[in-house]
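Notes for the one structure printed next.
Readers should treat all values here as calculations from the given coordinates under stated rules, not as data from a laboratory. All values reported here derive from a predicted model rather than from experimental measurement. Every residue, glycine among them, receives a Cβ derived from its backbone with ideal geometry; neighbour counts consider all protein chains shown.
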Amino acid sequence: MDPVSSAAQALAGCRRILAFTGAGISTESGIPDFRGPEGLWTKVDPEEFTYSRYLESSETRRTSWRMRAESRVFEAEPNPAHRAIVDLWGIGRLLACITQNIDGLHQRAGLPDEAVIELHGNARETVCIACGDRQATASVIERVVSGESDPTCRDCGGILKAAVVFFGEAMPREELMRAALATSEADAVLAVGSTLSVFPAASFPIEVVEGGHPMVIVNRGPTELDDLATVIVDGAAGEILPMLVAELAGRLLPRRRRRTK
Ligand code: APR
């Protein structure tokens, strides 16, 4: 049986599937991942971007704002993989989508806010470290593009930081609690486009498996949790997920006509 059909079979009886997504689900939207062959961490040192470095070094903040101003996150569009997860929600089989991504593409594809758990925050908002004031990142990027290389809070002069979780920074409590609740209610986990190598995020798929439920991994290349997977489908999420969800929805895609000799 081909891997997509095996994955559909593994999830066939599941009605509360927890999607767990990483940067690999957004590469087909033009956003690079971190640890893939062209990943961000193959170009810059992640040690440069820890929370403490960001607070203590204006140079780190300037680099971070420049990269954010140059990034294409805000122009990116959802791809067929994001839309397939919305379809899974539409047929009532998706419990929630825990994402490590900060690009907001699950919501842009049509998932309602209550279905998305952004463990690592989101890049749409910027917070003042000192007074907590929140504003749209787009307006701060306008200041960066106009020459303010390390913009500060207009209310209190404090350091501004996109509302994304840096290494060494506490994860958002509300999102952690929502993720724990979803993990306790899920009857399967569908992990897509993640090396499943960063904790505590990767502890959520592990907990679903430890609860005796199946895990399907859709990923290009190996992940840290392959040995826990019921089925692994190695390849592009944008091709695989639409086929998988169509099979789950019972709408078998017309098989490619078999060539008869
Ligand atoms: N389809 C399927 N898999 C893909 C695709 C694709 N189109 N493109 C890339 N991949 C795979 C890569 O081969 C890689 O195995 O997705 C995986 C992405 O893994 P990472 O780059 O490690 O991203 P992620 O798992 O989301 O990282 C977790 O680490 O740096 C931190 O905070 C950052 O949220 C991030 C966290």
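Choose one answer from 25, 141, 102: the residue with the largest mean-square fluctuation in a GNM of the chain with alpha-carbon springs under 10 Å.
Its mean-square fluctuation being the largest, the pick is 141.
Over segment 1-150, what is the relative contact order in whole percent, taking alpha-carbon pairs under 8 Å and six or more residues apart?
Contact order relative to length: 25 percent.
If I take every Cα pair under 8 Å that is 6 or more residues apart in the chain, average their sequence separation and divide by the length, what percent do I get for the relative contact order?
Reported relative contact order: 26 percent.
Return the calculated 222 nm mean residue ellipticity for the chain, to the nearest 500 deg cm²/dmol, obtained by summing -39500 (n - 2.57) across DSSP H runs with n ≥ 4 and dividing by the residue count.
When only DSSP H runs of four or more count, the value is -9500 deg cm²/dmol.
Most mobile of 246, 163, 182 per a Gaussian network model of the chain (Cα springs, under 10 Å)?
Of the options given, 246 has the highest mean-square fluctuation.
In a shell of Cβ-Cβ distance under 12 Å around residue 233, excluding residue 233 itself, what net charge do Lys and Arg (+1) and Asp and Glu (-1) give?
Cβ neighbours under 12 Å give a net charge of -4.
Could you give log10 I(q)/I(0) at q = 0.11, 0.15 Å⁻¹ for the chain, computed by the Debye formula over C-alpha point scatterers of equal weight, without solvent?
Summing over Cα pairs of the chain leads to -0.62, -1.06.
Could you work out the relative contact order of segment 140-212? I mean the mean sequence separation of Cα pairs under 8 Å and 6+ apart, divided by the number of residues, in percent.
The value is 21 percent.
Assuming a viscosity of 1.002 mPa s and a temperature of 20 °C, what translational diffusion coefficient in µm² per second does Stokes-Einstein assign to segment 183-248, Rh being the Kirkwood radius over Cα pairs?
178 µm²/s
Kindly state, to the nearest 0.05, the FRET efficiency for residue 152 paired with residue 47, given R0 = 22 Å and r defined as their beta-carbon distance.
It comes out at approximately 0.35.
To the nearest 0.05, how large is the calculated FRET efficiency for residue 177 and residue 199 if R₀ is 22 Å and r is the Cβ-Cβ distance?
In this case the efficiency is close to 0.85.
All other residues with a Cβ under 14 Å from the Cβ of residue 223 taken together, and with Lys, Arg as +1 and Asp, Glu as -1, what is their net charge?
Once all neighbours under 14 Å are counted, the net charge is -3.
Counting Lys +1, Arg +1, Asp -1, Glu -1, what net charge surrounds residue 114 among other residues with beta carbon under 13 Å of its beta carbon?
-3
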